[in-house]
Protein chains: 2
Amino acid sequence: MQELVRVAVDAMGGDNAPLEIVKGAVEALELRKDLKVILVGPEETVRAELKKYSYDEARVEVVNASEVIEMAEPPVQAIRTKKDSSIVVAMKLVKNGEADAFVGAGSTGAVLVGGQLIVGRLKGVERPPLAPLLPTEKGASLLIDCGANVDARPSHLVQFAKMGSIYMENVMGIQNPRVAIVNIGAEEEKGNALVKETFPLLKECKDINFIGSIEARDIPSGYADVIVCEAFAGNIILKLYEGVGATLISMVKKGMMTSLRSKIGALLVKPALKQTLKRFDTSQYGGAPMLGLKGLVVKTHGSSKAVEVRNSIIQCVTFTEQRMNDKIKAGIQAEEN
Amino acid sequence: MQELVRVAVDAMGGDNAPLEIVKGAVEALELRKDLKVILVGPEETVRAELKKYSYDEARVEVVNASEVIEMAEPPVQAIRTKKDSSIVVAMKLVKNGEADAFVGAGSTGAVLVGGQLIVGRLKGVERPPLAPLLPTEKGASLLIDCGANVDARPSHLVQFAKMGSIYMENVMGIQNPRVAIVNIGAEEEKGNALVKETFPLLKECKDINFIGSIEARDIPSGYADVIVCEAFAGNIILKLYEGVGATLISMVKKGMMTSLRSKIGALLVKPALKQTLKRFDTSQYGGAPMLGLKGLVVKTHGSSKAVEVRNSIIQCVTFTEQRMNDKIKAGIQAEEN
């Protein structure tokens, strides 16, 4: 029998826990027979949710955790003091080798801190970045880093470029992914101090396909596969992507309701438009992986529904089966030598 | 007779010069009787364009400039060596008090460098920011700074907040404008080193209405009137705004052409949709003012058509008549005392 990939899921994380989390886990089990899900949370609550579904019981485990870390809690303190919280218990399973990956929709800060403090960094990795996939006109690009570390150094960005490149090649199946650094102009001499220092280092990297700078304007068209930046800039890019998209879509919808003529038209374009906008929806790709840890940590959106939870869990299966961490370790070490 | 506001226009700047520039200038003259336009460029070329229109000749002057600064030229060198370029000649008119303002669609770098080196900073202004208006669901917000200075210090950001606030109140007519700093979370303790240092300084500022942090997600909804950030972040925000908007609109248009049903619908929604999207078009507000100079410098988009040039010129009239520079000087000095 094929070995199962074991994913520990925080059953209590996010706005729709535990209902949508458990539902997503059951859906993932249905889609991947090489998956085992470990649901972590108050045992009775989790089992009550599970009862709603029929599923392969041999591939589900429930691990009790009595506490929950709330969204507003200071992350470091929460991870240190709430030893029996679903995040801490689930991450310890990864640390101890009882699970291969963690998926959580709870507090981003707590997930990032837990990833660093409990799961721990791979040897040689200076900082583990959070790397969501952004939808583009052509498919998806990896934005790396996007929230794990502010005030990064050039050597961090070089590692992000390498890890992102390995991810896109192995998990997303993109040959020789194009790597670009976020900048305010196309020329090498442009940029702030961090970018100016990082640019020549990326140019020297032999094991990535560095194509130079990318201006924010060119991100949505899919100009690069791996978009390297420090976390403050990455956070702006991710959130503005969501914000401009949501505002424009809401304005388009409202605009179509202004006259009888356009209302009739709206009914006719609706199915085609829905299909189009789905392609630009960040949730389709599941959560954002935190790379460079001894195990995979995936952070899904706090508002995740079953579909995002399911996609995040499935992402863990691909990641683990592709032996991504071995590849990242090899990539980082190659750079050091 | 009312005194005329004198605007020096680079007739050779941008992709559509001189045609759209001269056209926009003539349109502005038609709309504002308190305006005089000084067109700067090769005299014969400019006069040949002018011949196409009828206009109040008493309020137009042509000043000869034989050279043109190209988009790709290194800005500092271009400003220093091309003494007879349209940008340098036009800016000197502002410096010498022969014009109140400058409008140009040419190289952003050259306009910014020229603003600093030729027009010069107001006393007390540490760095002059570039501050475009972003369209939002509710109207427009001022993004400050967006390209003039990377690697800014906290004291620069405080001045940006004050200048932006004065601009929104006096030029856009917004009472007690809400000022926010771009951050990666709502809490005061979040952010990179620059934001953490700047936040308490803004809180102490008595003459602005500081409402705290703004996440990029909330910019398009119009959560704040003045959005303060350093130029690297501002550049990302401005360009991603354009990029996501353009990609989504092109995807919506393509999506509506996928079936006969949606094609018919598209015809019906088109007028309403056009009206909606116009509200989200950055060009409606004219160019971005560079604040804190001894005179106004307005940079309009390189692809500007007559309408943007016209709006930029009219913006200069309001700015000058509102005695904005006196107000900025007073605001900056109040802070120093």
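Summary table
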| read-out | value |
| --- | --- |
| Residue check, B:T45 of a type in the set (V, I, T) and modelled with pLDDT under 95 | no |
| Residue that is nearest to B:F199 (Cα to Cα), among those in segment B:227-250 that are of a type in the set (A, V, I, L, M, F, W, C) and at the interface with chain A (Cβ under 7 Å from one of its Cβ atoms) | B:A233 |
| Unmet criterion (only one of (1) more than 24 Å from A:R217 (Cβ to Cβ); (2) within 9 Å of chain A (Cβ to nearest Cβ)) for B:F280 | (1) |
| Filter result (of a type in the set (S, T, N, Q) and touching a strand residue (DSSP E or B) at 6+ places or on another chain (Cβ under 7 Å)) within segment B:298-333 | B:T300, B:S312, B:Q315, B:T320 |
| Test for A:I208: is it facing chain B (nearest Cβ under 10 Å) and not polar (S, T, N, Q) | no |
| Verdict on B:I211 being of a type in the set (A, V, I, L, M, F, W, C), outside any helix (DSSP H, G or I) and within 18 Å of B:R153 (Cα to Cα) | no |
| Residue in segment A:128-164 that is farthest from the other protein chains (Cβ to nearest Cβ), counting only those that are hydrophobic (A, V, I, L, M, F, W, C) and more than 27 Å from A:K278 (Cβ to Cβ) | A:M163 |
| Of all residues making up segment A:308-337, the number that are surrounded by fewer than 19 Cβ atoms within 10 Å (Cβ to Cβ), over 14 Å from the mean Cα position of the chain (by Cα) and under 22 Å from A:E30 (Cα atoms) | 2 |
| Test: residue in segment B:251-264 that is facing chain A (nearest Cβ under 7 Å), outside any loop (DSSP other than H, G, I, E, B) and surrounded by 24 or more Cβ atoms within 10 Å (Cβ to Cβ) | no |
| Residue that is nearest to B:A334 (Cα to Cα) [pool: residues in segment B:175-197 that are small (G, A, S) and touching a residue at least 24 places away in the same chain (Cβ under 8 Å)] | B:A180 |
| Every pair of residues 6+ apart whose Cβ atoms lie under 7 Å, when the first sits in segment B:198-217 and is assigned by TED's automatic domain parsing to the domain that holds B:H156 while the second is surrounded by fewer than 15 Cβ atoms within 10 Å (Cβ to Cβ) and part of a helix (DSSP H, G or I) | B:D207/B:A334; B:F210/B:K203 |
| Test: residue in segment A:222-243 that is in a loop (DSSP other than H, G, I, E, B), modelled with pLDDT of 90 or more and among the hydroxyl-bearing types (S, T, Y) | yes |
| Considering residues of segment B:240-293 that are touching a helix residue (DSSP H, G or I) at 6+ places or on another chain (Cβ under 8 Å) and of a type in the set (V, I, T) only, the residue nearest to A:V252 (Cα to Cα) | B:T276 |
| Filtered residues of segment B:248-304 (kept if closer than 29 Å to A:L273 by Cα and of a type in the set (D, E, K, R)) | B:K253, B:K254, B:R261, B:K263, B:K270, B:K274, B:K278, B:R279, B:D281 |
| Residue ranges of helices (runs of 4 or more DSSP H) in segment A:52-166 with at least 3 members modelled with pLDDT under 95 | A:75-81, A:108-114 |
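The values are calculated or read from the model by the stated rules, or taken from the named source; none is laboratory data. All values reported here derive from a predicted model rather than from experimental measurement. Neighbour counts are summed over all protein chains in view; Cβ atoms, including those assigned to glycine, are modelled from backbone coordinates with ideal geometry.
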